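J.: Structure below; questions to follow.
The values are calculated or read from the model by the stated rules, or taken from the named source; none is laboratory data. If you're wondering where the values come from, they're calculated on a predicted model, not measured in any experiment. So basically every Cβ, Gly included, is an ideal-geometry build from the backbone, and we count neighbours across all protein chains shown. Quick note on the areas: whole protein, heavy atoms, side chains included, nothing else; ligands and nucleic acids left out. Shrake-Rupley method; radii C 1.70, N 1.55, O 1.52, S 1.80 Å.
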Amino acid sequence: MALFGFGSSQAAVSNELEVYVRTNTGEKVSVRLDQSWTVSQIKTTLAPKLQSPADNLRIIFAGKELPDDMVMRQCDLGNHSILHAVRVVSKEDEGKGAAGPSEVENVASSSNTQEDGVGGTEVTQTEKEDGRLQEVEVPSTSSGHTDAEVDLRSKAASPPLPEDPCLMPGPSTSNRSCGRLLCDASTVITIQMTEAEQKSIRDLKSYDGMGERPHFYVYCVVPCNSVQVGKLRVRCASCKQGALTLHRDPCNWEDVLQPGKINATCETPDCSGTQAEFFFKCRGHETSGEDDTSVALYLVRANLPAVPCLACTDVSSPVVVFECADAHVMCLDCFVTYCVSRLNERQFIQDERLGYTLSCPIGCQDSLIREVHHFKLMGDNNYERYQRWGTEEAVLAAGGVLCPYPGCGQGIIPDQDCRRVACLNGCGYVFCRLCLQGYHIGECNPEDGNGPNVIGNSGSFAVDPSRAAGSRWDEATSLAIRVTTKPCPKCRTPTERDGGCMHMVCTRASCGFHWCWVCQTEWTRECMAAHWFG
Amino acid sequence: MAAGLPRRIIKETQRLMAEPVPGISAVPDESNARYFHVVVAGPEGSPFEGGVFKLELFLPEEYPMSAPKVRFMTKIYHPNIDKLGRICLDILKDKWSPALQIRTVLLSIQALLSAPNPDDPLANDVAELWKVNEMEAIRIAREWTRTYAMGN
């Protein structure tokens, strides 16, 4: 679905959209709309379908009530997006106390004189609709209501609010009356950048100059399986419905990624939810429903200041911006190459808190990637390897061992003092924890590893273990490994010396032990003196 | 330029040609754009002054994710360079970062000639002498420079 091209949000190919409108009473109707429509026009279209006068409807989208004069194009809707319609509840009736919405059965004629909802007169209307009756009121700007809903409504008619301090000049300026929309460029910029960065962008004016627009980016697993422009959305943390209004706009990633940071008023009946929960949708495909969400790649940004990639030096967009103090920039292609090359050398870092990850390629402090979905960019096969190795490193970090039987590699966390380890949930191999050869009594003999201790099922024929070991398909491989490698004295990773001096540095990222190929102990000054180059 | 050569290598090569580093020349091989013939002039005030040192530099497939491979072709008496011309320089090993370039590598090698570091040696005998009897070590370095790095 190429309704929106990647990276060009407003260049719609077609103006027609089919969206769903859900009411706070659970109805769901579908509406065909044109993107040039205003919210007011949508209300008029909806009124007969919801059997409610247009004036009594409030349209809520992405945590905001939309003002009547807003054009739908500004909302960044996709096909099958969901708008929320709320019927306004009368202040007067609430004042009467006992009358809950379900008990009110008044019938009133509607007087649609206030088509644009901007008037100063109060028009009170009620409407019957099988038990889901709402009593409604178009609030006036002068009546001094304190209700939050009414406040919002009033703002729609009042002069534009003073500009938000972190608001960027953007193409959508007519929406100030309801603050920033989540889809506004200013929202993206506010969340992705520090104030200093925002200022520098403004100074550079590249935001206008390059035609590059800020975006959120997500990794869409199904169906796109790629990096896509993301849409920030919000729902009630309790009932998971979208009919809620935010009490303030999100200002940074923490607001967005940590649930409960921002309070909101949920409009769903019987829901007392007060907290907003943000999520992302992929813009690359037509949404398949409310569960169709994607993970935000918070390091990926549109390259507004046109920073060249630190590796290829080309300027492209989007780019990965690392979290180090210098905020080093890498293009997506180089980021993938970087990850894959680090993965191939098994140089990912096992971090206690963050798991198996990478730092900025310059190696800056505090630059470890916190969201593993960034590694999805490496492709399915590499990501699978990444996950497997990450698991292995986690097992090793927890004091465990990996079953050395070829093709097994099961992670086992044995008792502290136990030297005899059995691969119980894997291949059944029983081995010595120290030398990773078949289990043996007495000292380990590094030169002569026992083959796997094949234990036949009862009743089957017995095979001499040493004979069986020699007939293994992998025997040639393991023999080659035994002949050409020496184990790292610390972690026992088989290591091949393909030239150079006798000073070895263990290639396993979490080990890195410096050892001597000749002594097979830690590298010392004596080794340098005696046999550095053999 | 060969097809499939990363733009970064092309750009670096162009810049090396357009704005060469003083005292260093690096020219790609005609048949292999990843292989550079490098010539470094011995820095003034060092025992290598007056010498012209040939090196080879190769950009592996993974470049710039992995470091270039650099080796002295001219014999040199230096505590951080062994008899096969291999160089002990952190940025060529674990301190490599893709933000570094051919240019920065060559500058570092030039700096290493000006300031040998006998505490992190690759050529152990040279390093020992450099520490025990620096005068003698410098004398030998001058002699080697005259013998191997001058006149051709």
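Conditions (1) in contact (Cβ under 8 Å) with a residue 12 or more places away in the chain; (2) within 23 Å of A:Val221 (Cα to Cα), marked per residue:
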residue: A:Glu345; (1), (2): yes, no
residue: A:Gln365; (1), (2): yes, no
residue: A:Lys376; (1), (2): yes, yes
residue: A:Asp380; (1), (2): yes, yes
residue: A:Glu384; (1), (2): no, yes
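J.: Scan region A:506-517 and tell me whether some residue there is β-branched (Val, Ile, Thr) and without any contact (Cβ under 8 Å) to a residue 60 or more places away in the chain.
T.: no
J.: Looking only at residues in region A:352-368 that are within 21 Å of the chain's Cα centre (by Cα) and open to solvent by 50 Å² or more (accessible area, probe 1.4 Å), which one is nearest to the other protein chains (Cβ to nearest Cβ)?
T.: Per the stated criteria, the residue is A:Asp366.
J.: Something else now. Return yes or no: is A:Trp532 within 30 Å of B:Leu129 (Cβ to Cβ), modelled with pLDDT under 80 and open to solvent by less than 40 Å² (accessible area, probe 1.4 Å)? Walk me through how you get there before you give the answer.
T.: Details: within 30 Å of B:Leu129 (Cβ to Cβ): yes; modelled with pLDDT under 80: yes; open to solvent by less than 40 Å² (accessible area, probe 1.4 Å): yes.
Yes; evaluated as a whole, the condition is true for this residue.
J.: Could you check how many residues of region B:33-60 are open to solvent by 60 Å² or more (accessible area, probe 1.4 Å) and either of a type outside the set (Phe, Trp, Tyr) or farther than 26 Å from B:Lys11 by Cα (or both)?
T.: 6
J.: Look through region B:68-114, keep the residues that are touching a residue at least 60 places away in the same chain (Cβ under 8 Å) and within 14 Å of another protein chain (Cβ to nearest Cβ), and return whichever of them is farthest from the chain's Cα centre (by Cα).
T.: Across region B:68-114, the extreme among qualifying residues is B:Gln101.
J.: Okay, next question. Mind counting the residues in region A:287-316 that are within 14 Å of chain B (Cβ to nearest Cβ) and touching a residue at least 24 places away in the same chain (Cβ under 8 Å)?
T.: Qualifying residue count, region A:287-316: 3.
J.: State the number of residues belonging to region B:115-130 that are of a type in the set (A, V, I, L, M) and within 12 Å of chain A (Cβ to nearest Cβ).
T.: 4
J.: For region A:494-511, which residues satisfy the criterion of being assigned to a loop (DSSP other than H, G, I, E, B), open to solvent by 30 Å² or more (accessible area, probe 1.4 Å) and within 30 Å of A:Glu352 (Cα to Cα)?
T.: A:Thr507, A:Arg508, A:Ala509, A:Ser510
J.: Same structure, new question: Report whether or not A:Ala264 is over 18 Å from the mean Cα position of the chain (by Cα), open to solvent by less than 20 Å² (accessible area, probe 1.4 Å) and within 14 Å of another protein chain (Cβ to nearest Cβ).
T.: no
J.: Are there any strands (runs of 3 or more DSSP E) wholly within region A:309-351 with 3 or more residues that are farther than 23 Å from A:Trp389 by Cα and within 20 Å of the chain's Cα centre (by Cα), and if so which?
T.: A:319-321, A:329-331
J.: Taking the stated definitions as given, is B:Lys95 in contact with a helix residue (DSSP H, G or I) (Cβ under 8 Å, 6 or more places away or on another chain), open to solvent by 70 Å² or more (accessible area, probe 1.4 Å) and charged (D, E, K, R)? Walk me through it before giving the result.
T.: Numbers: in contact with a helix residue (DSSP H, G or I) (Cβ under 8 Å, 6 or more places away or on another chain): no; open to solvent by 70 Å² or more (accessible area, probe 1.4 Å): yes; charged (D, E, K, R): yes.
For B:Lys95, the condition - in contact with a helix residue (DSSP H, G or I) (Cβ under 8 Å, 6 or more places away or on another chain), open to solvent by 70 Å² or more (accessible area, probe 1.4 Å) and charged (D, E, K, R) - is not met.
J.: Looking at this structure, is A:Arg283 over 16 Å from B:Pro98 (Cα atoms), within 14 Å of chain B (Cβ to nearest Cβ) and in contact (Cβ under 8 Å) with a residue 40 or more places away in the chain?
T.: Considered against the rule, which asks whether it is over 16 Å from B:Pro98 (Cα atoms), within 14 Å of chain B (Cβ to nearest Cβ) and in contact (Cβ under 8 Å) with a residue 40 or more places away in the chain, A:Arg283 comes out as no.
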